[in-house]
Amino acid sequence: MDVKKRVEELSEEMISQLGRLVKYDSKRGEALPGKPFGEGPAAVLAEALQLAEEMGFETKNLDNYCGYAQIGEGKDIIGIAAHLDIVPAGEGWSTDPFTLTRKGDVLYGRGVSDDKGAVIASLYALKVLQEEGIALNKRIRVIMGCAEETGSPCMVHYGQVEEPVTVGFTPDAEFPGIYGEKGMMALLVKSKNTKIIDMNGGFVTNAVCNHCITVVPAAEVEAEALRKALEKTPLKEFTVKEEDGKLTIDAVGVAAHASTPLLGVNAASYTMKALAEAGMQDDFVDYYNSHIGTACNGEGFGINVEDDYGNLTFNNGIVKTEDGVISCTIDIRVPVTYTPEKMRELIAPYLEDEKGSCTIVNQVESLFFPLDSPMVKALHQAYIDVTGDTERQMQVIGGGTYAKEVPGIIAFGCGWQDEDNHIHNADEFLKLDQFKLQVEIYVQAIKNLLAL
Ligand SMILES: [Zn+2]
């Protein structure tokens, strides 16, 4: 069968099927009896399973955490884990985010790229394989999760109630694929003795703190010296106000994802740097600058490590003051060859200090498949065979995908390294050419995995 031609013939049908899923506002809601993520995710899962059933696939709903559509027989399972939940639509759309809108050969709507389009592309890959009539010696299962954007408890549930997959991929990142995902370590740093009256900033732990307001006694630092020190920083804006014997510093930096902290400007870190430079003598200012600082590499905690696949990144996300104690959340992305045990060993001597303290609050293991492992090679080859592209290389990333929750798989597509589809933003889109190419690549990828 000419797969390209067949996908072309199916493309109008694929678009209308995608429209059926885009209609649902499937962001996570409050848990209801039997609906762990609320109404929206349960409703879109029911629709997706209905659609898969109409296509002639076997389906199963796993307690509204996730569900799957399946073809084939055999002991092994090729798993394709995509997700039906979305991040909130947000403001600024030029079309209705919950109506699939086509302008020329571009499709708009929340989830068209992340990740409802991938669900449809995967289901149509199964359809083409079935039409080709090739013998399926393994089960091919499209797993549709309902809470990827909020920590993937859907896949934890899958692991508890279902058979594990043997090999596979998650179409929720970029082509040609992600063979490594850094580990994670979360820290909570707390002040001991500090003269800082109040310090609050940041909005989430996994982004650079982009706005921070700090109040210090005016007797501890001179306003003019502080302004001069702040001017030397890369902060976007700042003000220093003196009132009632207090200085209030309002600092604006630049937000960025925690896995790429050097793309941002940390408002808290540069405030601390400026306070020290302006001459403020304070235990926590010292502690912050020596342990957290502005380098974003963990050197202050003895963990500035790297391997052949990347370096450690270190980000202060949220700063807050409660009952006179300042706390800072730290999000660390750990190089793939460093284990959680090794990281604990490295950081241990730095956790207690007379000027501040630090605790490890969470650790997540890294994910790594060698580039020459059979599954990685099978997927990469499918990409090359369909696109002819040997320039783009598989990557190691600091972010996390379903691959961390579903043992045996890696992220493979469905976006492109140099294409910004506005995911998590207004006017999220998917080009029709990309949509069709996804199906073609996934057909070939599954054939290669069947042959393993
Ligand atoms: Zn996604």
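The values are calculated or read from the model by the stated rules, or taken from the named source; none is laboratory data. Keep in mind the model is a prediction, meaning the values are calculated, not measured. We place every Cβ from the backbone using ideal geometry, glycine too, and count neighbours over all the protein chains shown.
Residue by residue through region 28-39, note down the ones that are buried (at least 18 other Cβ atoms within 10 Å of the Cβ) and either without any contact (Cβ under 8 Å) to a residue 24 or more places away in the chain or outside the structural domain of residue 69 (by TED's automatic domain parsing) (or both). Quick ask: steps written out before the conclusion?
First, pick out the residues of region 28-39 that are buried (at least 18 other Cβ atoms within 10 Å of the Cβ): 28, 35-38.
Scanning region 28-39 gives a single hit, 38.
Can you name the residue in region 177-200 that is within 26 Å of residue 28 (Cβ to Cβ) and of a type in the set (Gly, Ala, Ser) and is also surrounded by the most Cβ atoms within 10 Å (Cβ to Cβ) among such residues? Give the derivation first.
Here is the first cut: in region 177-200, the residues within 26 Å of residue 28 (Cβ to Cβ) are 178, 181-186, 188.
Subset that is of a type in the set (Gly, Ala, Ser): 183, 186.
Details: 183: 26, 186: 18.
My answer is 183.
Being assigned by TED's automatic domain parsing to the domain that holds residue 403 and either crowded, with 18+ Cβ neighbours inside 10 Å or modelled with pLDDT of 95 or more (or both) narrows it down to one of 222, 174, so name that one. Let's see the steps before the verdict.
Values: 222 fails: assigned by TED's automatic domain parsing to the domain that holds residue 403.
Within the list 222, 174, the selection yields 174.
Counting only residues that are over 30 Å from residue 326 (Cβ atoms) and in contact with a Lys or Arg (Cβ under 9 Å, 6 or more places away or on another chain), which one in region 379-408 is surrounded by the most Cβ atoms within 10 Å (Cβ to Cβ)?
382
Output the residues belonging to region 130-157 that are under 19 Å from the mean Cα position of the chain (by Cα) and either over 17 Å from residue 51 (Cβ atoms) or modelled with pLDDT under 95 (or both).
As a first pass, look at region 130-157 and keep what is under 19 Å from the mean Cα position of the chain (by Cα): 143-156.
Residues satisfying the conditions are 147, 148, 149, 150, 151, 152, 153, 154, 155, 156.
Taking residue 230 as meeting all but one of (1) touching a helix residue (DSSP H, G or I) at 6+ places or on another chain (Cβ under 6 Å); (2) surrounded by 16 or more Cβ atoms within 10 Å (Cβ to Cβ); (3) not in a helix (DSSP H, G or I), write down the number of the exception.
With respect to (1) touching a helix residue (DSSP H, G or I) at 6+ places or on another chain (Cβ under 6 Å); (2) surrounded by 16 or more Cβ atoms within 10 Å (Cβ to Cβ); (3) not in a helix (DSSP H, G or I), residue 230 is out only on (3).
Based on what the data block shows, is residue 337 away from the ligand (no atom under 16 Å from the Cβ), buried (at least 21 other Cβ atoms within 10 Å of the Cβ), modelled with pLDDT of 95 or more and polar (S, T, N, Q)? Please lay out each step first, then the result.
Numbers: away from the ligand (no atom under 16 Å from the Cβ): yes; buried (at least 21 other Cβ atoms within 10 Å of the Cβ): no; modelled with pLDDT of 95 or more: yes; polar (S, T, N, Q): yes.
In short, no.
Identify, from the list 128, 119, the residue that is away from the ligand (no atom under 16 Å from the Cβ), under 16 Å from residue 441 (Cα atoms) and in a helix (DSSP H, G or I). Full working, then the answer.
Working: 119 fails: away from the ligand (no atom under 16 Å from the Cβ).
Answer to the selection: 128.
Against the definition (more than 23 Å from the chain's Cα centre (by Cα), loosely packed, with under 14 Cβ neighbours inside 10 Å, away from the ligand (no atom under 15 Å from the Cβ) and assigned to a helix (DSSP H, G or I)), how does residue 440 come out, yes or no? Don't jump to the end; show me each part of the working.
Numbers: more than 23 Å from the chain's Cα centre (by Cα): yes; loosely packed, with under 14 Cβ neighbours inside 10 Å: no; away from the ligand (no atom under 15 Å from the Cβ): yes; assigned to a helix (DSSP H, G or I): yes.
It is false that residue 440 is more than 23 Å from the chain's Cα centre (by Cα), loosely packed, with under 14 Cβ neighbours inside 10 Å, away from the ligand (no atom under 15 Å from the Cβ) and assigned to a helix (DSSP H, G or I).
Let's see how each residue does on (1) of a type in the set (Asp, Glu); (2) touching a residue at least 40 places away in the same chain (Cβ under 8 Å):
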position: 207; (1), (2): no, yes
position: 213; (1), (2): no, no
position: 224; (1), (2): yes, no
position: 234; (1), (2): no, no
position: 238; (1), (2): no, no
position: 256; (1), (2): no, yes
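Out of the residues in region 51-87 meeting the condition of being small (Gly, Ala, Ser) and surrounded by fewer than 19 Cβ atoms within 10 Å (Cβ to Cβ), tell me which one is farthest from the ligand (Cβ to nearest atom). Lay out the reasoning, then the answer.
Step one: filter region 51-87 for residues small (Gly, Ala, Ser), giving 52, 56, 67, 69, 72, 74, 79, 81-82.
Filter again for surrounded by fewer than 19 Cβ atoms within 10 Å (Cβ to Cβ), leaving 56, 74.
Values: 56: 27, 74: 29 Å.
Restricting to residues being small (Gly, Ala, Ser) and surrounded by fewer than 19 Cβ atoms within 10 Å (Cβ to Cβ), the top hit is 74.
Is at least one residue of region 125-145 of a type outside the set (Val, Ile, Thr), in contact (Cβ under 8 Å) with a residue 12 or more places away in the chain and within 16 Å of residue 24 (Cα to Cα)? Don't jump to the end; show me each part of the working.
We begin by selecting, within region 125-145, every residue of a type outside the set (Val, Ile, Thr); these are 125-127, 129-133, 135-139, 141, 144-145.
Imposing the further condition that a residue be in contact (Cβ under 8 Å) with a residue 12 or more places away in the chain reduces the set to 125-127, 129-132, 136-139, 141, 144-145.
So of that shortlist, the ones also within 16 Å of residue 24 (Cα to Cα) come out as 144-145.
Yes, region 125-145 contains a residue that is of a type outside the set (Val, Ile, Thr), in contact (Cβ under 8 Å) with a residue 12 or more places away in the chain and within 16 Å of residue 24 (Cα to Cα).
Check whether at least one residue in region 187-206 is in the same structural domain as residue 429 (by TED's automatic domain parsing), in contact with a strand residue (DSSP E or B) (Cβ under 7 Å, 6 or more places away or on another chain) and either more than 29 Å from residue 382 (Cα to Cα) or within 16 Å of the ligand (Cβ to nearest atom) (or both), and report yes or no. Step through it out loud before you land on a result.
Here is the first cut: in region 187-206, the ones in the same structural domain as residue 429 (by TED's automatic domain parsing) are none.
Within region 187-206, none of the residues are in the same structural domain as residue 429 (by TED's automatic domain parsing), in contact with a strand residue (DSSP E or B) (Cβ under 7 Å, 6 or more places away or on another chain) and either more than 29 Å from residue 382 (Cα to Cα) or within 16 Å of the ligand (Cβ to nearest atom) (or both).
Does region 101-116 hold any residues that are of a type outside the set (Asp, Glu) and either in contact (Cβ under 8 Å) with a residue 40 or more places away in the chain or part of a loop (DSSP other than H, G, I, E, B) (or both), and which are they?
Kept after step one, since they are of a type outside the set (Asp, Glu), are these residues of region 101-116: 101-104, 106-113, 116.
Result: 102, 104, 106, 107, 108, 109, 110, 111, 112, 113, 116.
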